1. Quick one: how many Å² of Ser574 are accessible to a 1.4 Å probe, rounded to 10?
2. Which value, in Å² rounded to 10, gives the accessible area of Met399 with a 1.4 Å probe and all protein chains present?
3. Along the charge dipole of the chain, pointing to its positive end and built from +1/-1 on Cβ of Lys, Arg, Asp and Glu, which listed residue (Pro77, Thr381, Leu128) has its Cα farthest out?
4. Per residue, how much accessible area does the chain show when a 1.4 Å probe rolls over the protein heavy atoms, in square angstrom?
5. Using a 1.4 angstrom probe with every protein chain in place, what is the largest-first accessible-area order of Phe604, Phe586?
6. For His533, His89, write out the residues from largest to smallest accessible area, computed with a 1.4 angstrom probe and no ligands counted.
7. In segment 515-534, which residues have a backbone nitrogen under 15 Å from the label point lying 7 Å from Ala222's Cα in the Cα-to-Cβ direction?
8. Apply the Karplus parameterisation 6.51 cos²θ - 1.76 cosθ + 1.60, with θ equal to phi minus 60°, to every residue of segment 644-654 and state each ³J(HN,Hα) to the nearest whole Hz, in sequence, with x for glycine and proline.
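The values are calculated or read from the model by the stated rules, or taken from the named source; none is laboratory data. Here the structure is a predicted model, which means the values were calculated and not measured. Heads up, the Cβs are rebuilt from the backbone with ideal geometry, glycines too, and the neighbour counts pull from every protein chain shown. We work out accessible area using only protein heavy atoms, side chains counted, and drop any ligands, DNA or RNA first. Shrake-Rupley method; radii C 1.70, N 1.55, O 1.52, S 1.80 Å.
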Amino acid sequence: MSRKRPHHGNRRRGSGSRPKRARTLLTGTLRVVRPGLAQVETAEGTFAVARRGVREGMNGDEVQVSLVPMHGKGAEPVAYVQHVLQRAHQTFLGTYSLADPLGVVAPLDARMAHDFFVLPQDTSAERLGVREHDVVAVRILEYPTRSSAGVVTIERRVGSTTELDLNMEAVLASYDIATQFPDAALREAQEVSARVAEALRDDAGRKDLREVPCVTIDPADARDFDDAVGARCVDGGYEVDVHIADVSHYVRWDSSLDLEARARTCSVYLADRVVPMLPERLCNDVCSLRPGEDRLAMSVRLTLDERGQVTDGVVCTSAIRSDARLSYDEVDRVLDAGLADALSCPADERDRIVAMLKVLDEVAQLRLRRRAERGAIDFATVESKVVLDEAGEPVDVVMRKRTRATSLVEEAMLMANEFVAHLLAKRDVPCAYRVHEPPLPEDLAACLPVLRELGLAEGEDAARIATGDAHAIRQVLEACEGKDGAYLANALLLRAQRKAVYAPHNQGHYALGAPAYCHFTSPIRRYPDVLVHRALKWLAAGTMQTPEQREVAKLLPQICRTCSERERVADAASRASVNIKVAELFSKRIGERYGGIVVGCERFGLFVMLDEMGVEGLVSVRSLGDEWFAYDADRMTLTGSATGRTWRLGQRVAVEVRDVDVPKGRIDLALLNRH
């Protein structure tokens with residue numbers, strides 16, 4: 001019945017009398033999650049789209065929708081697309097095939113639930129040498145309607161199925177990740193050169209720090225180095241230097257490079273590649289703090305007392321020269337085992353660099369204690385990295401863990417970010433602050449029943465957790481560390497947190513316990529950091545009301561929203577790519593058995609994380625047994641109606657790999673012992 005209502009409403013609209021069930025048309029943006037699941041974001045709110053309500057709409061389109069009420073207490077209305085006002089996409093990637101006399105292009109983006117035709121008179125396939133099953137870039141000539149198919153023309157042959165990883169190409173397409181830079185941006189990038197001596201000559205405020213020791217510390221496979229660190233002991237404490245690539249010196253506001261970076265907002269890290277925010281000329285060359293090369297930077301010098309408390313600091317534009325490019329692994333070998341020979345640096349520099357690393361490590365341990373004292377919350381999360389061979393085939397999965405080397409860098413970056421944010425917030429300078437609001441009381445209260453079962457929230461402690469007391473939450477996480485309930489407690493409390501976002505004004509960072517926070521340390525791969533660098537330069541110059549600054553301030557709210565949205569998209573694409581490569585690896589491990597822990601519980605089954613790898617698979621509810629299982633969303637449990645057996649987060653299980661779906665990045669598991 002509800003499927004007929006939009007048609008009925010449209011037919012009566014404008015007839016002179018208002019029908020009893022007339023619907024207001026709302027305008028919004030269509031977001032297709034996957035075929036059959038979509039929502040529309042309007043000024044009046046976000047509404048689910050009926051299963052067949054997308055019609056000729058496509059992801060990102062500006063549409064008009066009608067709302068149809070649903071039966072049932074508290075049921076939200078659903079939307080039906082009535083008109084497409086503006087198309088979001090004019091091009092897409094797809095696979096080409098023949099259905100003589102037509103060519104057919106099937107989009108790699110699974111959300112585009114339409115095939116498109118290449119008409120017989122269109123010679124683009126022949127002209128470009130396109131063969132059957134090739135991946136092609138096409139331009140849409142006619143969009144599909146309820147009564148006609150879409151029409152495209154081929155603009156570029158991307159490659160064959162043997163040349164490309166179609167599953168990864170589908171990830172790029174499905175998450176709207178641009179892989180080609182516009183010609184104008186590439187031309188600008190090619191014209192850029194470091195010109196360090198020229199910058200020092202023209203900018204009286206730029207400090208020449210090329211003789212001050214510093215190093216970069218990154219993963220072994222990193223190619224762009226946007227931060228370098230240095231430190232020394234001084235009377236009564238320490239000095240720590242954090243040098244960040246001066247990207248804003250080369251990427252000017254409203255230039256072609258800036259507009260493209262503003263649209264991308266961040267680099268995207270997939271399992272087998274990086275899709276950079278900036279062209280390679282900048283991110284891997286001119287702006288990269290490569291060892292032994294003069295580079296422009298934004299530098300923060302912090303003074304700390306013997307307890308690791310920041311007592312003073314300065315920010316300036318600078319020129320630096322990194323002494324060495326170090327990896328986390330070799331720094332850990334120095335700090336944990338004293339293997340100084342592991343460092344990839346000149347022998348005559350080794351002793352000085354080792355001494356500097358030890359100072360940075362000492363500062364990091366002090367900073368961890370200071371952050372704990374102020375209530376910063378560190379959730380125990382797991383990140384898996386797929387190891388690929390030279391052909392891009394997965395050969396292993398390893399878990400990334402926090403080490404002394406990673407903490408050394410992380411704490412230095414956190415200090416720099418906080419100090420910079422404090423400077424800007426004190427003067428109420430508009431820029432892209434990193435904001436994390438406290439969790440809602442009702443979301444925290446929902447965690448309490450399970451925490452009580454675990455013996456982690458009683459009496460006054462429970463009341464403190466419910467009010468969002470960060471110290472109380474941290475105490476819970478520390479109390480359960482290494483115990484059976486650790487994963488469950490972390491998962492519940494993490495789920496209760498709000499997402500960190502970018503905002504044009506400072507509102508503090510709850511999880512870090514920081515009154516002010518921003519991202520300053522990765523301008524090669526994050527656009528908000530570029531905005532922060534520009535704001536610092538304006539503040540130093542005392543010029544806060546130029547036409548450019550007024551334009552930035554005007555656009556800043558939308559830029560922050562876009563950066564927050566694209567960050568979530570980039571994270572989702574990264575996870576999807578890792579899942580695909582993991583599924584590829586496990587396609588060769590069907591029948592193998594593993595120990596694991598239940599890390600997710602849904603109505604349809606259990607998610608199990610395999611030991612030592614951080615890989616997740618699904619145990620479907622059908623494989624748990626022949627009985628009916630009741631799902632408790634509050635406690636995140638499944639309970640068998642006949643046996644009374646309850647499955648919950650944190651339980652240890654033994655599983656067998658039963659099947660994989662590589663394109664969907666899914667691993668199906670079965671429990672070895674259900675009893």
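1. 30 Å²
2. Per-residue accessible area (Met399): approximately 50 Å².
3. Highest projection toward the positive end goes to Pro77.
4. Numbers: 32270 Å² over 675 residues.
On a per-residue basis, the chain sits at 48 Å².
5. Descending accessible area places them as Phe604, Phe586.
6. On the way: His533 0, His89 55 Å².
Putting His533, His89 in descending order of accessible area: His89, His533.
7. 520-526
8. These are the phi-based 3J(HN,Hα) values: x, 5, 10, 10, 9, 4, x, 6, 8, 9, 10 Hz.
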